[in-house]
Amino acid sequence: MSTDTLDRPEAAANEDTQILVTLTVADQLCGVPVLAVRDILGEQVITRIPLAPPEIAGSLNLRGRIVTAIDLRRRLRLPPAPPGQARMSVVAEQGGELYALLVDQVSEVLSLDAALFERNPQTLEKSWAEFSTGIFRLDGRLLVVLDVSRLLALSGEE
Amino acid sequence: MDDLLADFLTETNESLTELDVALVTLERTPDDAETLSGIFRLVHTIKGTCGFLGLPRLERVAHAGENVLGKLRDRSLIATPSIVSEVLAAIDRIKAIVAGLGETGAEPAGDDTALIAALNATAAHEAPVARNAAAPAQSAAPLAEPPLEAEPATPAAVTAPAATAPAAAQTIRVTVDVLEDLMTLVSELVLTRNQLLQLARTQDNSAFTVPLQRLSHITSDLQEGVMKTRMQPIGNAWNKLPRLVRDLSHDMGKKIELTMLGAETELDRQVLELIKDPLTHMVRNSGDHGLETPEERRAAGKPETGNIVLNAFHEGGHIILEVSDDGRGLAVERIRSKALANALATEAELAGMTDGQIQRFIFRAGFSTAATVSAVSGRGVGMDVVKTNIEKIGGTIELKSTPGQGTMFTVKIPLTLAIVSALIVEAGKERFAIPQLSVVELVRAQRGAGRVAGDGAGHSVIERINDTPVLRLRNRLLPLVSLTELLALGAEDNADSAAHVVVAQVGQHMMGIIVDRVFDTEEIVVKPVAPILRHVTMFSGNTILGDGSVIMILDPNGIARATGVGAGSESRLMRASLIDTQTSADKTAMLLFRAGETQRIGVPLGLVARLEDIPRDKIELSCGAPVTQYRGKLMPLIAIDGAINQERPKQPLLVFSEGDRIMGLMVDEIIDVVEDRLDIELAGVRPGLLGTAVIGGQATDVLDTGYWLMQAWEDWFRGVPRQGSALGQRHVLLVDDSEFFRQLTVPTLGAAGFRVTAVSSAAEALRLRDAGTKFDAIVSDIEMPEMDGLHFARIVRAGGPWAGLPLIAMTAHADMENARMGREAGFTDYVAKFEREALVASLRTSLAEMVSA
């Protein structure tokens, strides 16, 4: 079991670069600050939780700890994943609890120049703007930086 | 060294370290109420503990320090550096004394008068004075100097002994985090072991088999050991209390007896640690404020010795701790005026509050009704700390107090972290765990939409009364809930497939949970659910099974609440209130049907043994009255409107039974089963109906079961029809072991204007008495198992709050000889079972005599 107890700032300590774990959800390239990520998991057995909010895919066992899985597609109000598609999880910690964000694919860790960073365009759809801190302009692609703590801030609802 | 003292030293050293930090914070931010309260509590705890350990010097210093801190907390003093220095000096003195204690086991000699005088001088200055008189405050400083000078010396003196004292102890303190991590690691180890065993099974004669077996054993032992480190009997938290109570009774000149029940109840050590202090506070409060002096008790007609009872038990996945006393109860008036004086509520708000709500003010910070501040308690730290600490671990605290009878605090702590045995079930392709504690039995049943005709013994069939599933279980109808439907699992219950019914007990109620499959039982470690899921009350936690899968733990209480079974019992304040669920004002499951010209008639579901649909041609005539052959016997049939509807091929019946007597009531149609309050608002004028009540939002006639039973069996009660009229709400306790008679008597007496609480045994009745419940009269059966009515009457008459109540016996043998024995035992009157008119008349006469006497 990892006993990593680092305080996790929103981005890497270095002001000039941000290190992001890139992932794909519904064909959109996204990134989360590498320090917010605790684990990357492949396909997992997920136990459904009846009566839970729709964003909650269920819970899974990560080395003896119970992790609540949140379906990122549902959280971002995207259509559900096609049936049978293998999904990966990005595990993050919030308030002492572990959460797994279900994504379509986790690709690589990128170190990005802060100069490429821009704030969210005003017109960005609300469901995305709510969870995004900004955009990185990559060659040929745009990368949306996701705010993990806001994605996990579900408990206040209901 | 005494165990108590060793514990005290370890705790105090920890508190002192915290205090140093907190005081420095306070100096920087003198307005921080939270820091101040924290400091105050720490000092208060030190003072409280050394009070009963017999450490007078330490207690005096702490008391003086607390006085100053109290003023700071109340804002009548402002935390200036000089005041903080004084408090620091007091704390240094405490440290020095504690260090001495650690070395020698006794308080070192020393003179604290100067320090105490300085502290008291500071405390004596109220805020307005302190502002203008900065100089006098300064002039007090020289007085405080001697301890200040001593300051550089003390820290050195403290650290050395503080380090050696705990080292001498046989135990070490380990943070719960370390144990938690250990537990997680062991869980992982178990999972890995299971996987290895799985692999080994597929290979014959593997060289790994033997070492693997050993690994498996060691893993099991290790798991058990780690679990053991976390579980402790609650008695461990109680072992200081007898001493505390003894000293308390000594100091206060009271006679107190402490009874501790359920000391072996095991509980997670983390939880145990956290409830230790609140418990001590509560017991101290009970002894100090709750119980009266022997003189007062004698004047109130109570035995001189007051009782404090501690009771711990598991209930529905929780641990319940009750602290009760038979003292004077909470003075609602004083709490009300205090709340008003402290501006906690306005007069108008208070006027709208029930006594219970007003009593809850004692849980507010800084609230104390004790007129004088004693060394024992009375600073109003107690109850708000208690509440805060209990809520910190997700528990709740309730209180119930009756003036003159005593007070009972009920603490409910969730079983989080605790290990329970659970039944693993499957519904809608998902597996769930049900805590074994609440499971009574398992019944295999057929999900039959189509009733199996003539189905006798063998399979139970789940039947439906207008979509409400019920199961016939040993002559009773058991309300059922389908887990698949309740949890919206989507998969439709496959009609006609086999199902299992988990019969669960929730408080006083039984309920069946329909599941698809039942696996075995497993020991599970309850883990709290993620905060996101806390609102789903159907789950009490989740856990990881041996095969590594995550599984949700069902909370039978939550399910009962969600479905309305035993509604109203969620407050579960105390035993008495659980028993109270039979009170006529509480909700009752009512079977609604249609018969004759009356549109809706209701009958308590508990009275109905069975529902039947018999073919018309099975109804025969015997001496002109309709009967049917039922289970090898002739069952008399009664039609409510007197006429038998000949047109329909089937006749719905409500079957009532008691002992070997049965009867069938012919009705037109069964409508529904609803949970509602049974308040009969209009007493009936028609024979056969008790009156009219609003059930499920509609006026419904309530069946007078007794009348119809008598129609079928004239000698059923050897009685005559009732005649009701209104009477002031007198509270009557009914003691009868026969569920049937209770169900019958409660509505009858209710209709006659009495409020009725029914219990099933004399022991239960006496528990109510000891819990302080008040009644105006008692009606008791004579023949009862364990303690019979005569014995019960003698106990009631022997003393206690009920000694003077009218006591009416109810028996099937109402002859002269029995009546004489009854009177000798202390019964006021003797009534044949069940002459309602006589019973009602007897109750009225006895109550009238009471009033005139």
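The values are calculated or read from the model by the stated rules, or taken from the named source; none is laboratory data. What you see is a predicted model, and the numbers here were worked out from it, not measured in a lab. Cβ: placed from backbone, ideal geometry, glycine included. Neighbour counts: every protein chain shown.
Every residue, every condition in (1) outside any helix (DSSP H, G or I); (2) crowded, with 23+ Cβ neighbours inside 10 Å; (3) aliphatic (A, V, I, L, M), yes or no:
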{"site": "B:Gln743", "(1), (2), (3)": "no, no, no"}
{"site": "B:Leu749", "(1), (2), (3)": "no, yes, yes"}
{"site": "B:Val756", "(1), (2), (3)": "yes, yes, yes"}
{"site": "B:Ala763", "(1), (2), (3)": "no, no, yes"}
{"site": "B:Arg767", "(1), (2), (3)": "no, no, no"}
{"site": "B:Pro785", "(1), (2), (3)": "yes, no, no"}
{"site": "B:Ile795", "(1), (2), (3)": "no, no, yes"}
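Note on segment B:190-210: among residues that are under 12 Å from B:Asp547 (Cα atoms) and among the aliphatic types (A, V, I, L, M), the one that is farthest from the other protein chains (Cβ to nearest Cβ) is B:Leu197.
Scan segment B:512-542 residue by residue and report those that are within 28 Å of B:Pro469 (Cα to Cα), surrounded by fewer than 16 Cβ atoms within 10 Å (Cβ to Cβ) and more than 8 Å from chain A (Cβ to nearest Cβ). B:Arg517, B:Phe519, B:Asp520, B:Thr521, B:Thr537 - these are the residues of segment B:512-542 that are within 28 Å of B:Pro469 (Cα to Cα), surrounded by fewer than 16 Cβ atoms within 10 Å (Cβ to Cβ) and more than 8 Å from chain A (Cβ to nearest Cβ). Before we move on, is B:Ala589 more than 14 Å from every other protein chain (Cβ to nearest Cβ), at pLDDT below 75 and part of a loop (DSSP other than H, G, I, E, B)? No, not satisfied. In the condition set (1) farther than 25 Å from B:Phe539 by Cβ; (2) modelled with pLDDT under 85, A:Arg63 is compliant with all but (1).
Scanning segment A:45-70 for residues that are within 7 Å of chain B (Cβ to nearest Cβ) and charged (D, E, K, R) yields A:Arg48, A:Arg63, A:Arg65.
I'm trying to understand the selection: among the residues of segment B:548-564, which are closer than 22 Å to A:Arg65 by Cα and either modelled with pLDDT of 80 or more or within 19 Å of the chain's Cα centre (by Cα) (or both)? Please lay out each step first, then the result.
The first filter runs over segment B:548-564 and keeps only residues closer than 22 Å to A:Arg65 by Cα, leaving B:548-555.
Within segment B:548-564, B:Ser549, B:Val550, B:Ile551, B:Met552, B:Ile553, B:Leu554, B:Asp555 qualify.
Within segment A:93-103, is even one residue more than 14 Å from chain B (Cβ to nearest Cβ) and of a type outside the set (Ser, Thr, Tyr)? Yes; the residues of segment A:93-103 include at least one that is more than 14 Å from chain B (Cβ to nearest Cβ) and of a type outside the set (Ser, Thr, Tyr). Of the residues in segment B:63-78, not one is touching an Asp or Glu at 6+ places or on another chain (Cβ under 6 Å), within 19 Å of B:Asn13 (Cα to Cα) and modelled with pLDDT of 80 or more.
Per the conditions (1) out of contact with any Pro (no Cβ under 9 Å at 6 or more places or on another chain); (2) away from chain A (no Cβ under 14 Å); (3) surrounded by fewer than 20 Cβ atoms within 10 Å (Cβ to Cβ); (4) modelled with pLDDT under 85, the sole criterion not satisfied by B:Leu545 is (2). Of all the numbered requirements in (1) at the interface with another protein chain (Cβ under 10 Å from one of its Cβ atoms); (2) farther than 21 Å from B:Leu191 by Cβ; (3) in contact with a Ser or Thr (Cβ under 6 Å, 6 or more places away or on another chain), B:Val550 misses one, and that requirement is (2).
Taken together, the residues in segment B:109-119 that are in contact (Cβ under 8 Å) with a residue 40 or more places away in the chain and in a loop (DSSP other than H, G, I, E, B) amount to 2.
Here A:Leu41 clears all of (1) away from chain B (no Cβ under 14 Å); (2) surrounded by fewer than 20 Cβ atoms within 10 Å (Cβ to Cβ); (3) aliphatic (A, V, I, L, M) except the condition numbered (1). A:Thr22 meets each of the listed conditions (1) in a strand (DSSP E or B); (2) within 14 Å of another protein chain (Cβ to nearest Cβ) apart from (2). Taken over segment B:738-777, the criterion of being on the phi > 0 side of the Ramachandran plot and touching a strand residue (DSSP E or B) at 6+ places or on another chain (Cβ under 7 Å) is satisfied by B:Gly772 alone.
Regarding segment B:44-56, can at least one residue be identified that is surrounded by fewer than 17 Cβ atoms within 10 Å (Cβ to Cβ) and under 37 Å from the mean Cα position of the chain (by Cα)? Yes, some residue in segment B:44-56 is surrounded by fewer than 17 Cβ atoms within 10 Å (Cβ to Cβ) and under 37 Å from the mean Cα position of the chain (by Cα).
Of the strands (runs of 3 or more DSSP E) lying entirely inside segment A:80-158, the ones with 3 or more residues being farther than 27 Å from B:Val529 by Cβ are found at A:105-113, A:132-137, A:142-146.
Rundown of residues vs (1) without any contact (Cβ under 8 Å) to a residue 40 or more places away in the chain; (2) within 14 Å of A:Ile40 (Cβ to Cβ); (3) not aromatic (Phe, Trp, Tyr), yes/no style:
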site	(1), (2), (3)
A:Pro83	yes, no, yes
A:Ser89	no, yes, yes
A:Gly96	yes, no, yes
A:Asp113	no, no, yes
A:Gly134	yes, no, yes
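Scanning segment B:345-354 for residues that are exposed (fewer than 15 other Cβ atoms within 10 Å of the Cβ) and in a helix (DSSP H, G or I) yields B:Glu347, B:Ala348, B:Glu349, B:Ala351.
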